[in-house]
Amino acid sequence: MAAEISATNWKNVEVGRVVLLQEGPYAGRLATIVEIIDHKRALIDGPSSDASLAVPRQPFSFANLLLSAFVIDKLPRGARSGAVKAAWEKAGIDEKWRESNWAKKRAQQVRRKALTDFERFKVMRLKKQRRFEERKALAKVKASA
């Protein structure tokens, strides 16, 4: 009887891990860990292709970072901004992020916050209409069973 040892699926703090910034002037933007400074801080760099989403290289506290599932493979420790940008584009991080459920949910939250009173009313009416159609279909299935 042999024991099988396998790695866990935890999101580890590692060089190349893509993170989402929670606080500060760059909140809501993506960056990658370039170097781990100590047990509380990391050096990050966010070379997004969109200039409004870019994050300059800076030390950042782990308490204000959210780890994503994306990792830039084989990024050397302390890589300079040019190397990070090339690796970021090669890995297609911006496209992967846009297609992730996390990014879609954040975009939906931003859209919902920007709704006017009348637009919220229209959303409520559409939800009621969808719920009515679902219940009608369920009743039809129950009646035929």
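Rounded to whole numbers, the Karplus 3J(HN,Hα) couplings from phi for the range 77-83 are 5, x, 4, 6, 4, x, 5 Hz, using 6.51 cos²θ - 1.76 cosθ + 1.60 with θ = phi - 60°, and x at Gly and Pro.
Free of any trypsin sites (Lys or Arg not before Pro) that DSSP assigns to a loop and that have at most 15 other C-beta atoms within 10 Å, the longest stretch within the chain is 81-145. Pairs over the 31 Å Cα-Cα cut-off, from the set Lys11/Lys105; Lys40/Lys90; Lys11/Lys127; Lys90/Lys127; Lys105/Lys140; Lys90/Lys113: Lys11/Lys127; Lys90/Lys127; Lys105/Lys140; Lys90/Lys113.
Can you tell me the 0 to 90 degree angle between the C-alpha axis of helix 117-144 and the longest principal axis of the chain, rounded to 10? For helix 117-144, the angle is close to 60 degrees. Considering only Pro25, Pro76, Pro56, the mean-square fluctuation computed in a Gaussian network model of the chain, springs between alpha carbons under 10 angstrom, is largest for Pro25.
Fewest-first ordering of Val15, Val110, Val34 by other beta carbons within 10 Å of each residue's beta carbon gives Val110, Val15, Val34. Longest segment of the chain with no GluC sites (Glu not before Pro) in a DSSP loop having at most 16 other Cβ atoms within 10 Å? That gives 24-145 as the longest site-free run.
Helical content of the chain, expressed as a calculated mean residue ellipticity at 222 nm, amounts to -13500 deg cm²/dmol (DSSP H runs of 4 or more residues, -39,500 (n - 2.57) each, divided by residue number, nearest 500).
Build a GNM of the chain with springs between Cα atoms under 10 Å apart, and of Gln108, Gln129, Gln58 the one that fluctuates most is Gln129. Expressed per residue, the C-alpha convex hull volume of the range 17-93 stands at 82 Å³. Build a GNM of the chain with springs between Cα atoms under 10 Å apart, and of Phe60, Phe70, Phe118 the one that fluctuates most is Phe118. Less than 5 angstrom separates the built amide H of Arg41 from those of Phe62, all sequence-distant by 5 or more or on a different chain. By the count of neighbouring beta-carbon atoms within 10 Å, fewest first, Ile37, Ile93 end up ordered Ile37, Ile93. Please quote Rg/Rh for the chain to two decimal places, taking the Kirkwood radius as Rh and restricting both calculations to Cα atoms. Result for the chain is an Rg/Rh of 1.18.
FYI, it's all coordinate maths here, none of it is from the lab. Worth saying up front: this structure is predicted, and the values here are computed from it rather than measured. A quick note on method: Cβ atoms are made from the backbone with ideal geometry, for glycine too, and the neighbour counts reach across all protein chains shown.
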